[in-house]
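Structure first, then comments.
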Amino acid sequence: MIRDKDDDEAEYLVPVRWLHTVSCKEAFSEVGLFGNQKTVCKPTTPKWSHTVSRLKQAWRIDDVGR
């Protein structure tokens, strides 16, 4: 039996293609970054954009060619 669920209760399979990885020594953290204990979550908060920008800056990632 299939039950309809709203987005908060639904389960999804999400493929991941890593574009950049770093060693544990290169890990980056600071107050204000987006965090969530779920494996995958829908980025709807402004902190998400801030976090992506800061990680790109910290790890010198450029969007060119991606």
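Values quoted throughout were computed directly from the atomic coordinates according to the rules given, and no laboratory measurement underlies them. From a predicted model like this one, the values you see are computed outputs, not experimental measurements. With ideal geometry, Cβ positions are generated from the backbone for all residues, glycine too; neighbour counts draw on all protein chains shown.
Points to keep in mind about this one:
- Distance (nanometres) between label positions extended 7 Å along Cα→Cβ at Glu30 and Thr44: 2.8
- In terms of packing, defined here as the mean over residues of other Cβ atoms within 10 angstrom, the peptides 47-60, 17-30 line up highest first as 47-60, 17-30.
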